[in-house]
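Just below is one structure, and these are the notes that go with it.
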Amino acid sequence: MKRFKFCLVFLAVTLTFAACTKVIDLKLGNDSGKLVIEGNITNLDSPQYIKLSRNVPFTSTNTYPPVSGATVTVSDNKNNIYTFTEGPAGTYSSAQFPGVSGNTYQMTVVTGGTTYKANSVMPALVPFDSITYKKADFKSGNNRREITVHYQDQAGIPNQYRFIMWVNSVEVSAVFAYDDEFSDGRYVDQDLVENTTDIYPGDTVKVEMQCIDKPVYTYWFTLMEQGFGGPDGGVAPSNPPTNITPAVLGYFSAHTTQAKTIIVQ
Amino acid sequence: MRFVLVCLSLLFFAGSLLAQKKIIISGTIEDKATGEKLIGATIKIKELTKSGTTTNNYGFYSLAVPAGNFTLVYSYVGYNTVETPISAAADQVIDIRLDQQKELSEIVIRSNKPNNDNVASPQMGEERLNMAQVNNVPVLLGEKDILKTITLLPGIESAGEGNTGYYVRGGASDQNLILLDEATVYNASHFFGFFSTFNSDAIKDVSIYKGGMPAEYGGRLSSVLDVKMLDGNNKDYTVEGGLGLISSRLKVEGPIVKDKGSFMLSARRTYIDVFLHASSDSTLKGSSLYFYDINAKANYHFDDKNALYVSGYFGKDVLELKSIFGTLWGNSTGTIRFNHIFNNRLFSNTSLVYSNYNYTIEDFQSTNYFKATSQINDVNFKEDLQYSLSNTHTLKFGLNVLHHTIAPGTITTNSTSSFNDVSVEERYGYENAAYLSDEWRLNSRITFLYGFRLSSLFLLGPGTFKTYDAAGNVLSSATYSSGALVKDYFNLEPRFTASYLFSDESSVKASYNRNTQNIHLLNNSTSSSPADLYVMSSNNIKPEIADQVSTGYFRNFSENTYEFSAEVYYKWLQNQIDYKDGAQLIVNPDVESLLTYGSGRAYGVELFLKKKYGKFNGWIGYTLSRTELKFAAINDGNYFPATQDRTNDLSVVGIYQLNERWSFSSDFIYATGNAVTFPTGKYEIGGLTTFSYSERNGYRMPSSNRLDIGATLEGKKHKKYHSSWTFGIYNVYAHRDPYLITFRDSKTVPNTTEAVETSIFATRIPSVTWNFKF
């Protein structure tokens, strides 16, 4: 489905007779100072991190003020409580512990007199089988490559996945979120289709695979869809639905993580 | 039952108004050269100002007159007026053949007194396109197109550059009913909307109603575009066609039995592929991208009272990226109509109509192989009657039984694919309606056009039907057997228009009408996507309702050579539909759980100045409007501008006939940009810049403006054949109209973000077409 949309937009915009792009100046609003929470609990036996920051206006530089002095804890349904301590500013970390599949984790953040809470269930780990590369669908004439990830979806239960890709250690600016609505129980070959970074032979590509729960998937899927909005009829972009209450920007995700690296030829 | 009683009592009421014995003059009006029936031609009695009528969709008219001697005046735009003296003693049939004006010379124009229909008719909110003008307005790549031409009229906005989608008085694009010989055309676009499904060669008449909706139309909130195909020349065989940059056309027409029956066959095929084959990209090089369409029609007149019309349309778009993916989509329609004239007062048309829209998306790569299909299928029975009760009352009434079959989606795959087979249950339902309207000429100044339409929807089993709460959770689920009633809705839609004539050259009109809509389009991807999903009103989706009031002032100048109108409207919208975040609509059995409902309001002023006649003709249309929507779940429950909210919209069209061989045309448009949602802030998530948003549609795309010019050179006159050249330049001053604005990390200044504008027609686009006829 993703590919279909991508192809249509690609064709509509780049095949038309005189398409061209330019950077423009726009007068945009001054939305700033809103709390952003990004919380992750992984299955790795390591410190876990929760980051608090604030948003800045579109026209500012990409530096985001950290939110210090918050009280951050995570508990699970097995009565474990993990306290997070700050350092560096705005980054809160726990002692080393692994998240366990099937556990429900609850994040509690107290800052500015408000208590923010979110729950996330760590899904079962679906093994990351492999990554491969192939000639890209478009612009393949100049050796452009496309990355495909492979895994065996678990039959009978809903699974959601998120992938993160780095090309030569630089994170690709695209969201990859998939579920098994159409591929339950299948051996899945998923192309990571994106148009921000070109991959060529010689590049080192690392991909992280996360198994995420449904609300976190909705968060990422919404962000991903917004990457392809058109001027008319496209989805009006909005802040993706957060699983944190009261609502803030960001999410809290308990997920499994695996990574694989490949050198593209 | 109640409806029948109301009809009958209205008939009797109106019948009692018959004061004296009337004589009925009836007949048909057709083109002298081709035998094409003329729709909307005017019949007037010179001596009686309050008498008059127009021909219906089949060229038929019926007019009651008192006994005496009169002069009947028959007129039609672009044709020479005919005056016929009659001595009315008994009912009579008068068939008239009008001559098309060959030259637009000043002498002819004066002898052909332009009529004042726009002022005198009680109908408001209607625009009729003159096909001769459509053919002269310059367009992209020389593909003359009625959908693009209508957007040059006030109150009708283009959905975007190079897009045949349109918005009428603030309505969404799926709130327009598009009819081709009475059959619904669900997706009227080809090639991502750059071209429409209507091949101008095959079209006789185009009317669009944006307000004051006649009772015989219903089913959509905003507008009705009623397109009628040519019947075919019943005098002589002709072949005509054209060779253009991206498409070629051919039309054949002629008599089946001279003066009794004729046929018309018209086809068009594009070859946009050549642009792809010129590409250096190997994937694009081996790809297909084209569309074709075929219009066919035949008619046979058994005698003066019985005629049969059969017509059909078939169109297909093909887009295939070599060994990657392909998609096909298209409409097909078929209409069988039987006209019967019971007597010179009662005209009947019975129609059986078929309509289908379907699409297929296929991924050819073995590991991702899937084929998704979806379609909507309609069978429609219509009975329309027209009764000339007296010279002051003309009744129209009828019934409509429309059966929908919707196959929302099926995915088929193979064993190596990453996907499973999935199928979403088909949905069945009836949309039935009955209507009655009366055009009542109270006196020479006041005319009422009033009536109602009773519309209904019956959603039927078999299938499992769920109800959802606001959050999209299943509240209940029930399984129904085949034909079992799941949900029904009834709506009474009053339609009322009144006009007051100050003089032959000026009038005021006012109207109120309600429209409802029971079939809804769900498509949240870019408008270029053919993946249209239709759903009927259901347990979750209520019928959309629009109430519109409008009033207008109509004024003609210089013996009706110039027409001016100013209309004001206000619309209230209920049960409007939007999508929740992250809604995945394709092949989704729970698609109704992803919807959210709200209301809306739209209001505006439309100014229109038109010169219909003369060597120089054209129009200026201007619209000032506002459209706002309100959803509890969006924008904190506050009103926000709809995407199609367009403050200013200006179109200027000019056509100049220099001499017998050369004519020139030009159009200029200016429009406020669509309302869009832009980021107001940014933050970092997962190490990536992410944008934050405040209000929905709080920003505007930059305004757009463009000038196009065209010229037509008629070939030297030959006995046997005729040819012409059409030249055009689209976007003469190479204005960059923004198509898309995206936001990203700056590629030049590290650690900042930038807005990027994409334009698709940022340059002059010339075109040339050679047309022939023999």
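Each value in this text was obtained by applying a stated rule to the coordinates, not by laboratory testing. Keep in mind the model is a prediction, meaning the values are calculated, not measured. Ideal geometry is used to build each Cβ from the backbone, glycine not excepted, and the neighbour counts take in all protein chains shown.
Stick to Cα atoms and the Kirkwood definition of Rh, then tell me Rg/Rh for the range B:99-249.
Using Cα coordinates only, the ratio equals 0.98.
Can you check how the C-alpha radius of gyration of the range B:183-297 compares to 2.2 N^0.38 Å, as a plain ratio?
On the way: Rg = 18.1 Å, N = 115, 2.2 N^0.38 = 13.4 Å.
In units of the globular-protein estimate, the range B:183-297 measures up at 1.36.
Per-residue ellipticity at 222 nm for the protein assembly as shown, helices alone: DSSP H runs ≥ 4 residues times -39500 (n - 2.57), over residue total, nearest 500 deg cm²/dmol? Don't jump to the answer; show the numbers that get you there.
On the way: 9 runs with 68 residues, N = 1039.
The helix-only estimate for the protein assembly as shown comes to -1500 deg cm²/dmol at 222 nm.
Under a cut-off of 16 Å between alpha-carbon atoms, report the lysines in cross-link reach of residue B:747, not counting same-chain residues fewer than 8 places apart.
Answer for residue B:747, where 16 Å is the Cα cut-off: A:22, listed by chain and number.
Taking the alpha carbon gyration tensor of the range B:131-202, what are the square roots of 5 times its eigenvalues, largest first, to the nearest whole Å?
17, 15, 12
How large are Rg and Dmax for chain A when only the alpha carbon atoms are used, in Å?
Using the Cα atoms of chain A, the pair Rg, Dmax is 19.9, 63 Å.
Taking the 0 to 90 degree range and rounding to the nearest ten, how far is the long axis of helix A:214-226 tilted relative to the main principal axis of chain A, both from C-alpha atoms?
Computed tilt is about 40 degrees.
Would you list the P(r) distribution for the protein assembly as shown, with all Cα-Cα distances sorted into 20 Å bins from 0 and each bin expressed as a whole %?
Cα pair-distance distribution for the protein assembly as shown, in percent: 12, 41, 32, 13, 3, 0.
Once the principal axes of the Cα atoms of the range B:30-96 are found, what is the range along each, listed largest first in whole angstroms?
In descending order, the Cα extents are 33, 20, 18 Å.
For a 24 Å ceiling on Cα separation, which of these pairs sit above it: B:204/B:258; B:32/B:144; B:204/B:305?
Exceeds cut-off: B:32/B:144.
So for the range B:622-774, considering every pair of alpha-carbon atoms, how many percent are separated by more than 20 Å? List each step's numbers first, then the result.
On the way: 7783 of 11628 pairs.
Above the 20 Å cut-off, the range B:622-774 has 67 percent of its Cα pairs.
Run a plain Debye calculation on the range B:354-400 (Cα atoms as equal point scatterers, no solvent) and give log10 I(q)/I(0) at q = 0.16, 0.27 Å⁻¹, rounded to two decimals, same order as the q list.
Ignoring solvent entirely, the Cα scatterers give -0.66, -0.94.
Let me see the P(r) profile for chain B: every Cα-Cα distance counted, bins of 10 Å, each bin given as a percent of all pairs.
With a bin width of 10 Å, the distribution comes to 2, 12, 23, 27, 20, 10, 4, 1, 0, 0.
I'd like the per residue volume of the convex hull spanned by the Cα atoms of the range B:481-608, given in cubic angstrom. Kindly include the intermediate steps, with their values, before the conclusion.
Working: hull volume 21.6 nm³, N = 128.
Enclosed volume per residue, from the Cα hull, is 169 Å³.
For Cα pairs less than 8 Å apart in space and 6+ apart in sequence, what is the mean separation divided by the residue count of the range B:429-557, i.e. the relative contact order in percent?
Working: 278 pairs, mean separation 29.2, N = 129.
Relative contact order comes out at 23 percent.
Could you work out the mean count of beta carbons from other protein chains within 10 Å of each residue's beta carbon in A:239-246? Let's see the in-between values first.
On the way: counts 9, 5, 3, 0, 0, 0, 0, 0.
Neighbouring Cβ atoms belonging to other protein chains average 2 per residue here.
Taking only pairs that are 8 or more places apart or on different chains, how many Lys pairs in the range B:483-624 have Cα atoms under 27 angstrom apart?
10
Any idea what log10 I(q)/I(0) is at q = 0.13, 0.14, 0.15, 0.16 Å⁻¹ for the range B:434-550, Debye with uniform C-alpha scatterers and no solvent?
So the normalised log intensities work out to -0.73, -0.79, -0.85, -0.90.
Grab the beta carbon distance between residue B:549 and residue B:303, set R0 = 60 Å, and tell me the FRET efficiency rounded to 0.05.
0.85
How high is the relative contact order of chain B, given as a whole-number percent (alpha carbon pairs under 8 Å, six or more residues apart)? Display every interim value, and only then the final one.
Numbers: 2193 pairs, mean separation 78.2, N = 774.
Here the relative contact order equals 10 percent.
By average Cβ neighbour count within 10 Å, what is the ranking of B:388-396, B:564-572, A:109-117 from highest down?
Listed from highest to lowest mean packing, they are B:388-396, B:564-572, A:109-117.
Can you give me the angle between helix B:2-15 and the longest principal axis of chain B, using Cα atoms only, in degrees from 0 to 90, rounded to the nearest 10?
30
Which trypsin sites (Lys or Arg not before Pro) in the range B:681-730 pass both tests, a DSSP loop state and at most 15 other beta-carbon atoms within 10 Å?
Here the sparse-neighbourhood loop sites are B:716, B:717, B:719, B:720.
Using 5 Å bins from zero, what percent of all Cα-Cα pairs in the range B:544-602 falls into each bin?
Whole-percent P(r) values from 0 Å outward: 4, 14, 14, 11, 10, 10, 9, 7, 7, 6, 5, 3, 0.
Sketch the reach of a paramagnetic label on residue B:703 as a point 7 Å from Cα along Cα-to-Cβ, and name the residues of the range B:656-695 whose backbone nitrogen lies under 16 Å away.
It comes to B:668-675, nothing else.
Can you give me the orientation-averaged projected area of the convex hull built on the Cα atoms of the range B:445-511, in nm²?
7.8
Within a 10 angstrom radius of each residue's Cβ in A:29-39, how many Cβ atoms of other chains show up on average? Whole number is fine.
4
When Cβ neighbours within 10 Å are restricted to other protein chains, what is their mean count per residue of peptide B:688-698?
Per-residue shielding by partner chains comes out at 6.
Leaving out same-chain residues fewer than 8 places away, which lysines sit with a Cα under 17 Å from that of residue A:51?
Hits, sequence-local ones excluded: A:34, A:117, B:682.
Cα to Cα, under 18 Å, and not fewer than 8 places away if on the same chain: which lysines meet these conditions relative to residue B:396?
Within the straight-line cut-off, residue B:396 pairs with B:382.
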